[in-house]
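Below is one structure, written out as structure tokens; the observations come after it.
The values are calculated or read from the model by the stated rules, or taken from the named source; none is laboratory data. Model, not experiment: these values are computed from the prediction. Note that each Cβ is placed from the backbone with ideal geometry, even for glycine, and that neighbours are counted across all protein chains shown.
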Amino acid sequence: MLLTLTNTQSPATDLGFLLHKHPDRVQTFSLSFGEAHVFYPEASPDRCTACLLVAVDPVGLVRGKTQASRGLLDQYVNDRPYTASSFLSVAIGEVYSSALQGRCNARPNLVEQRLSLNVKLPAVSVRGETGLIHALFEPLGYEAEATRLPLDEHFPEWGDSPYVALTLAACTTVKNVLSHLYVLLPVLDDTKHYWVGQDELEKLLRHGASWLATHPEKELIARRYLRHQRSLALEALSRLDVPEEDDGIEPNGPVTEVGNMAVNDMAFITSEEAAVESPLSLNEARIRAVLEVLHAAEAESVVDLGCGEAKLLSRLLKDSRIGRLVGLDVSIRALEIAAKRLNLDRLPPRVRDRITLLHGGLTYRDARIEGFDAALAIEVIEHLDLGRLAAFEKVLFGCARPRIAIVTTPNVEYNIRYETLPAGRLRHHDHRFEWTRTEFQSWGRRVADHHGYQVRFQPIGEIDPELGAPTQMAVFEREAA
Ligand code: SAH
């Protein structure tokens with residue numbers, strides 16, 4: 001299989017620096033499934049073309065594989081050596097790895113430079129109509145030309161093959177072109193040659209970081225790239241809304257909101273408790289505020305949306321008044337930590353039966369979170385893109401419709417009290433927004449009005465007379481039908 005990349009912006013040979021491959025040499029790389037060669041059929045100041053020729057060893061692919069792991073590749077003669085697919089992505093990732101990652105030590109300023117680039121792929125495996133090619137590449141700024149290849153040109157009556165000759169042209173960076181091809185070639189092919197797991201999800205998010213979130217076909221891309229594994233695709237889509245490293249842990253230092261609070265200012269904590277518990281972290285203060293509301297409302301079933309590592313769930317589990325507990329989160333890593341914290345493997349059956357952890361997203365309707373007395377979203381909404389907040393509102397207040405919903409979020413006005421937090425910065429790098437009290441309250445009132453709930457607001461943490469408390473909580477109660 002062959003990928004040619006041409007730059008016509010002079011000096012066109014800059015392409016050699018970007019790809020880390022000298023135009024005067026032929027270079028060969030060995031890959032786990034064959035060999036790759038890079039060479040330049042032309043390299044002038046006006047026009048420079050780099051060819052990546054990948055030779056797949058089809059026998060090597062099949063030999064030694066069990067029947068179950070072979071999938072579509074169960075014959076010595078198959079199309080993999082000839083068509084662009086995930087093998088080409090792997091070759092791009094290995095042979096052009098620094099260009100793909102946007103590194104160019106010799107000429108770092110070239111990395112962000114947009115060049116006049118042209119890509120040719122003589123045979124791309126495409127499942128579905130060629131319209132898909134346009135739908136995938138045109139939103140990324142390419143002019144795409146796709147010609148369907150006949151199955152056999154001597155026998156036109158046999159019809160078309162599943163392969164397409166593809167040309168792409170765009171004024172963009174080399175890094176962009178490589179990351180688009182890396183993700184989209186396997187998407188077009190829709191058959192991956194290896195098992196898809198969490199690693200693939202991370203690769204998709206990494207290589208799609210700068211463009212996938214806004215791509216109109218992002219759902220199809222995630223679904224196909226992750227080989228139709230629903231839960232992985234769901235996680236990918238949710239994490240596009242909520243960027244990487246989202247573990248819900250706030251940064252170190254005073255920004256962790258722990259410590260020097262005048263605890264007796266916390267309206268909801270009695271002075272006796274304060275005396276015992278001082279100094280009290282804001283996280284602890286939030287947990288107590290939530291527990292108090294749940295007890296007052298006599299909630300017997302609770303779903304914790306965006307439960308993270310189950311700090312709150314582990315407390316709720318100790319409360320035998322709550323007979324049914326569910327924690328839901330999009331992050332598998334957080335759920336694994338949650339399962340450990342809760343000791344799920346070792347709980348006596350009578351306690352184990354009360355709790356379930358679920359993997360899921362908050363901006364998609366999910367029947368599993370319906371029918372609860374109370375739903376919690378503790379320090380979660382600020383991790384959603386503002387554009388996705390309406391979807392969450394619908395999921396929570398329109399579909400799940402708990403009797404009580406508790407939502408907490410930072411009060412941005414209070415941030416100036418955190419001395420090490422630079423002005424204008426949010427408390428956590430993954431926060432999409434932080435609201436003033438007025439903003440949060442007007443959001444809460446609008447949502448309550450719209451969905452038939454009453455809402456009240458309560459500060460959590462030390463109350464500054466001007467700035468309010470560091471955390472703000474809204475308690476929604478469903479109105480009688
Ligand atoms: N409620 C927990 C964790 C808050 S951090 C606590 O108070 O400790 C935010 C959590 O929301 C993270 O665990 C993150 O994985 C989760 N999250 C963010 N966006 C989500 C989404 N779209 N769907 C489900 N969970 C999400």
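A compact table of results
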{"quantity": "Helices (runs of 4 or more DSSP H) contained in segment 48-162 and holding at least 1 residues at pLDDT below 90 and under 25 Å from Val26 (Cα atoms)", "calculated": "58-62, 86-95"}
{"quantity": "Single residue of Gly141, Gly102, Gly128 found to be free of Cβ contacts under 8 Å to residues at least 40 places away in the same chain, small (Gly, Ala, Ser) and surrounded by fewer than 19 Cβ atoms within 10 Å (Cβ to Cβ)", "calculated": "Gly141"}
{"quantity": "Residue satisfying condition, being closer than 30 Å to Ile463 by Cβ, among the hydrophobic types (A, V, I, L, M, F, W, C), within 15 Å of the ligand (Cβ to nearest atom) and at pLDDT 90 or above, within set Val255, Val303", "calculated": "Val303"}
{"quantity": "Count of residues meeting criterion [surrounded by 14 or more Cβ atoms within 10 Å (Cβ to Cβ), over 16 Å from Val111 (Cα atoms) and not hydroxyl-bearing (Ser, Thr, Tyr)] in segment 1-28", "calculated": "5"}
{"quantity": "Pick from segment 435-466, criterion in a loop (DSSP other than H, G, I, E, B) and at pLDDT 95 or above, ranking: surrounded by the most Cβ atoms within 10 Å (Cβ to Cβ)", "calculated": "Thr436"}
{"quantity": "Restricting segment 177-226 to residues that are aromatic (Phe, Trp, Tyr) and at pLDDT below 85, the residue that is farthest from Arg333 (Cα to Cα)", "calculated": "Tyr194"}
{"quantity": "Search result, residues across segment 369-425 that are among the charged types (D, E, K, R), away from the ligand (no atom under 16 Å from the Cβ) and outside any loop (DSSP other than H, G, I, E, B)", "calculated": "Glu413, Arg417"}
{"quantity": "Selection within segment 329-343 - in contact with a helix residue (DSSP H, G or I) (Cβ under 7 Å, 6 or more places away or on another chain) and over 14 Å from Leu316 (Cβ atoms)", "calculated": "Asp329, Val330, Ile332"}
{"quantity": "Of all residues in segment 324-355 being more than 23 Å from Gly197 (Cα to Cα) and of a type in the set (Val, Ile, Thr), the one that is nearest to the ligand (Cβ to nearest atom)", "calculated": "Val326"}
{"quantity": "Search result, residues across segment 189-232 that are farther than 20 Å from Phe137 by Cα and assigned to a helix (DSSP H, G or I)", "calculated": "Gln198, Asp199, Glu200, Leu201, Glu202, Arg230, Ser231, Leu232"}
{"quantity": "Every residue from segment 381-395 that is in contact with a strand residue (DSSP E or B) (Cβ under 6 Å, 6 or more places away or on another chain) and of a type outside the set (D, E, K, R)", "calculated": "Ile381"}
